[in-house]
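The values are calculated or read from the model by the stated rules, or taken from the named source; none is laboratory data. Everything numeric in this text was worked out from a predicted model, so none of it was measured. Note: ideal-geometry Cβ built from the backbone for every residue, glycine included; neighbour counts use all protein chains shown.
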Amino acid sequence: MTNRLTLIFVLLLPLCAWAQEEDRALVVVFGDSITSESGYDESSSGSFARNGALNAGLPSQLLTQILNESRRPSLVPNWGHGGTTTGRAPDGSGQNNGVERISGNLASSKATYPSTQKIVLILYGTNDFGFGIPASDTGFNTQIMIDRARAQGFIPVVGTLTPRASRSVASVNSAIKSAASIKNAKLVDIFTLFNAAGGMSLLIDGLHPTTAGYQVIAQSWFDEFLEQNIEAKSPVIAPIIFLLLDE
C-alpha cells in the first residue's frame, strides 16, 4: 500500500506543477530605462535592453515578489529599453521605440509563456522631450500602443511618468491620461502615488528611481490594477493530500 501511495504522489506532482505553470498570468512590463532599470542598475550587462527576460531589473523582480506573496503567481518579462521614445521623432530618429516594437515584443512573450491572462504595463515617454517629440505626439503614440497591445490579446494598463528634476512632466502626463481615456484603457497615476511616497527623494539621479522608488512603482501597479484583476490561487498541494487520504 505504501508503494502504491508513493506512486500516486509521484505521478501527480508533475501534473500539478504543469497546471500551476499554465495558470500563471503573463504580466509584461514595457517602457524605457525607467522600466529596464538600466539607468540605475550598472549590472545590466552593458545593455539598455532587457529583451523580455524574467526577473530582469527591479521592476520585474519586485512585481514578481508582490504577486507571489499575494498568491497570484505570475510571469513578468521585462521589455524595458533604455533611451527609447514612444515613437519616431520629427527628424526620423528614435529607433526601437515603443510603437514599433510593442507588437513583436508582446508576441514573443506570449509565444514563450503561454497564458490565458495577458496584461501589459506601459510606462513610456520620459525620453520624448529630448527628441523633440511634443506631448500631443506622446499621447497619440500611447493610443497606438494600447491598440497594438489589444491586437496581441493583452489588457493594456498605462502609467503616468515619474517626476524628474530637470523638467516638468505635467504636459506629457496630461497627454497620457487623455490617451488612456480616449481608448478606455486603465490608467495608473504613478506620478501622484510616487510624489505622495517621497517624490524627488526617491530618485537616484534626478530621473531614475531608487530601490524604494521602484518598490512604489511595483506596488502601484499591484494596488491599482493587478490585485483586482488577477485571481488569488489556493495552494495546489491540497488536492494531492485529499487523494492520498482517500486511499
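When restricted to residues that are of a type in the set (A, V, I, L, M, F, W, C) and over 23 Å from T116 (Cα atoms), segment 203-230 contains 6.
Residues in segment 18-58 that are among the aliphatic types (A, V, I, L, M), over 20 Å from D205 (Cα atoms) and outside any strand (DSSP E or B) were compared, and the one that is modelled with the lowest pLDDT is A19. Restricted to segment 159-247, the set of helices (runs of 4 or more DSSP H) holding at least 2 residues that are under 21 Å from D32 (Cα atoms), in contact with a helix residue (DSSP H, G or I) (Cβ under 8 Å, 6 or more places away or on another chain) and at pLDDT 95 or above comprises 170-182, 190-197, 211-221. Screening segment 69-93 for residues that are under 21 Å from T162 (Cα atoms) and of a type in the set (G, A, S) and picking the one that is surrounded by the most Cβ atoms within 10 Å (Cβ to Cβ) gives G80. If you check D137, D128, D91 for being more than 24 Å from I190 (Cβ to Cβ) and acidic (D, E), only one passes: D91.
The residues on offer are G80, G159, G125, and the sole one that is at positive phi, within 18 Å of the chain's Cα centre (by Cα) and not polar (S, T, N, Q) is G125. Only a single criterion out of (1) of a type in the set (V, I, T); (2) more than 25 Å from L54 (Cα to Cα); (3) surrounded by fewer than 18 Cβ atoms within 10 Å (Cβ to Cβ) is not satisfied by T112, namely (2). Quick one: is F194 among the aromatic types (F, W, Y) and in contact (Cβ under 8 Å) with a residue 60 or more places away in the chain? The answer is no for F194. Scanning segment 116-151 for residues that are touching a Pro at 6+ places or on another chain (Cβ under 6 Å) and not β-branched (V, I, T), we see that the one that is surrounded by the fewest Cβ atoms within 10 Å (Cβ to Cβ) is G132. Taking segment 126-141 as the range and being part of a helix (DSSP H, G or I) and under 14 Å from A179 (Cβ atoms) as the test, the residues that pass are A135, S136, D137, T138, G139, F140, N141.
For segment 86-122, the set of residues classified as at negative phi, small (G, A, S) and in a loop (DSSP other than H, G, I, E, B) consists of G87, A89, S93, S115, listed by residue number. Taken as a whole, the condition of being free of Cβ contacts under 8 Å to residues at least 40 places away in the same chain, in a helix (DSSP H, G or I) and not acidic (D, E) does not apply to R148.
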